Amino acid sequence: MRHIFAQGAFLIAMALATQASAQCYADYKAKQDNPLRLQYGLIELPASACGSVDAATRYAAPVIARSGWTLLQIESFLTQDQFDARSANAGAIHLRR
Amino acid sequence: MPGPSISAAELTRHGSRALMLGIAGIVAVLALTAVLLFLNLPDANAFNARVERVFVENADLTTGAEIKLLEILAQSGTAFSETLVSYRIVIFVLLIFATGLLVTSLFMVVTLVVLNRRLATVEKQGLQVSALLIDRATNTVGINDMEFRLTPAAVETLAVLAEARLDDDMLTGAAIESVISGRAEAECDEAAGATRIKRLRDSLGNQLISEVLVKNVARQGYMLAIDARVIDLR
């Protein structure tokens, strides 16, 4: 009986862990006006925003706006590897704390 | 002479209506041009928007150097658009000048036409009365710039005629006599009024002719006061 409980707890913990690690990355383009400045950046998204570009835009726009930039568009969703590869080019990287 | 003076006034009225229409037309056309000018010239943000679109539409414009280049492009576009704004102001000022010049020239042309027609009328008419001043106190009558002294009776007759003209009335000889003598019209004689008119014509006509046609130069003699070239003897 205890064994079964332990197994269940492990499964739940695993599920939570996968949930937590189900976040994704996206690259975006943003701008500032007067004078016009452009930015290519990376952003870490929560799982809820990984489904569609719309959801990602809804999440990302206020995050990027907080640093004074206007989101132009979300380019694509990235895996961890793609994220690492592109982080050298990025003008800004927004990670979730 | 009511006829010619009315036609002169009509000329002026036609002229001023043409002038109003012409000025309205010129101002409307140039205002439309100004509006189109301001609508069609790109504003300062057009270049930024274009650069922004290039940035968004090309997925591989991601490196720092490329982005820097795009920003420089946008800045030079903005600088160019500032010169465009100054051009626009220069063009607008020129448009205003053009409006002023066109309005002035139209005014001149209409004035010339009206003046020419009026001059032609005056030349044919010989004497056109543009001002008639009757002064009962000194028994003088001013016609244009000429002043004539009349008898009190003649001035009274002229004043009666002038008042009737102001009311657009016609007076019979009896009516004139009745107004001047103060009696009822039925008691007045037609001939009495006709005599008053005749005296007025004699006195005023005599002085008018001596003023505008047969001049009397003191102690030298008489002379026709006209240009010798217009005389044609057959």
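The values are calculated or read from the model by the stated rules, or taken from the named source; none is laboratory data. The structure presented is a predicted model; accordingly, all values stated were derived computationally and were not measured. Neighbour counts are summed over all protein chains in view; Cβ atoms, including those assigned to glycine, are modelled from backbone coordinates with ideal geometry. Just the protein is used for accessible areas: all its heavy atoms, side chains included, with ligands, DNA and RNA removed. Shrake-Rupley method; radii C 1.70, N 1.55, O 1.52, S 1.80 Å.
Total Å² of accessible surface buried at the A-B contact, 1.4 Å probe, nearest 100?
That pair of chains buries around 1300 Å² in total.
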For this session: Under 25 Å Cα to Cα from residue B:68, which lysines show up? Leave out anything in the same chain fewer than 8 places away.
Result: A:29, A:31
Exercise. Which of A:52, A:95, B:34 sits farthest toward the positive end of the charge dipole of the protein assembly as shown, with +1 on the Cβ of Lys and Arg and -1 on the Cβ of Asp and Glu?
Worked result: A:95
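When only C-alpha pairs under 8 Å and at least 6 residues apart count, what is the relative contact order of the range B:132-233, in percent?
Working: 107 pairs, mean separation 18.4, N = 102.
Relative contact order for the range B:132-233 comes out at 18 percent.
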Seminar exercise, completed: All alpha-carbon distances of the range A:24-95, grouped into 10 Å bins from 0, give the whole-percent distribution 22, 56, 20, 2
Exercise. Expressed as a whole percent, how much of the Cα-Cα distance distribution for the range B:3-125 exceeds 17 Å?
Worked result: 71
For this session: Counting only C-alpha contacts under 8 Å and six or more residues apart, can you give the relative contact order of the range A:24-95 as a whole percent?
Result: 45
Problem set entry | Extension gain, residue B:101 back to residue B:226 (0.36 nm per residue minus Cα-Cα distance, nm) | 40.9 nm
Problem set entry | Buried on assembly, the range B:32-61 (at least 30 Å² less accessible surface than by itself, 1.4 Å probe) | B:48, B:52, B:55, B:56
Exercise. Ordering B:55, B:97 by how much accessible area each has at a 1.4 Å probe, largest first, what is the list?
Worked result: B:97, B:55
Problem set entry | Calculated FRET value between residue B:90 and residue A:92, using beta carbons and R₀ = 56 Å, to 0.05 | 0.85
Exercise. What number, rounded to the nearest 500 deg cm²/dmol, is the helix-based mean residue ellipticity at 222 nm of chain B, given -39500 (n - 2.57) per DSSP H run of at least four residues and division by all its residues?
Worked result: -24500 deg cm²/dmol
Seminar exercise, completed: Note on the protein assembly as shown: C-alpha Rg/Rh, Kirkwood Rh, two decimals, gives 1.57
Exercise. Hey, how much of the P(r) for the range B:43-191 falls beyond 23 Å, as a percent of Cα pairs?
Worked result: 70
For this session: Could you tell me the accessible area of residue A:59 in Å² (1.4 Å probe, neighbours in place), rounded to the nearest ten?
Result: 70
